[in-house]
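*Asks:* One structure coming up, written as structure tokens, with questions to follow.
The values are calculated or read from the model by the stated rules, or taken from the named source; none is laboratory data. None of the values given here were measured: they were computed from a predicted structure. We place every Cβ from the backbone using ideal geometry, glycine too, and count neighbours over all the protein chains shown.
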Amino acid sequence: MTIRTKTPNLLDNPPIPVQAKLAAAWTSFMFLYIYVDYFHLYKPGSIDDIRAGIVFELDISPTFLTTVLALVAIPTLMVMLSMTLPARVNRATNLAVASLYIPVTVFNTVGESWDWAFFYGLSIGIEVLLLAFILRSAWAWPRGAVSSEVL
């Protein structure tokens, strides 16, 4: 007779490289950033304002469009840079860009009506949490052992 013991079937949980965590967080941030702008189009009057050449009380101009492109392009580039930059530069870049994006993200709610406070509050809250995760991950980047050959 065989005795079976109840042993849990543990799943392997291999460590995830910091670069992959950062790239995933920037990807999530970028998708949320874009979708918030997309869902904003459902707000009554948004399409009419765009047709009139206005977005968030700003005239649609080449300068405006270039600025908006830069605001979306930077997180897009951070996905790639997080996977390819050397560790020291990668850490510094992620710390700098995520730090700069927190006020930019919060600024995106300026001028919005209280009717939409939950929508913008939730979206900005999640974006800031993702940026905080990026800052924490970059700040806590594991250190390697210093070789005696380097000294």
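*Asks:* Kindly indicate which of 96, 87 is of a type outside the set (Ser, Thr, Tyr) and exposed (fewer than 13 other Cβ atoms within 10 Å of the Cβ). Spell out how you get there, then give the answer.
*Replies:* Numbers: 87 fails: exposed (fewer than 13 other Cβ atoms within 10 Å of the Cβ).
Unique residue meeting the criteria: 96.
*Asks:* Got a number for residues in segment 32-78 being assigned to a helix (DSSP H, G or I), loosely packed, with under 11 Cβ neighbours inside 10 Å and modelled with pLDDT under 85?
*Replies:* 0
*Asks:* Can you confirm whether residue 110 is exposed (fewer than 10 other Cβ atoms within 10 Å of the Cβ) and either under 22 Å from residue 129 (Cα atoms) or in contact with a strand residue (DSSP E or B) (Cβ under 8 Å, 6 or more places away or on another chain) (or both)?
*Replies:* Values: exposed (fewer than 10 other Cβ atoms within 10 Å of the Cβ): yes; either under 22 Å from residue 129 (Cα atoms) or in contact with a strand residue (DSSP E or B) (Cβ under 8 Å, 6 or more places away or on another chain) (or both): yes.
Yes, satisfied.
*Asks:* Of the residues that make up segment 111-122, is at least one modelled with pLDDT of 85 or more, assigned to a helix (DSSP H, G or I) and of a type in the set (A, V, I, L, M, F, W, C)?
*Replies:* yes
*Asks:* Could you list all residues from segment 121-145 that are farther than 25 Å from residue 20 by Cα and touching a residue at least 60 places away in the same chain (Cβ under 8 Å)?
*Replies:* Taking segment 121-145 as the starting set, the residues that turn out to be farther than 25 Å from residue 20 by Cα are 121-122.
None; the set is empty.
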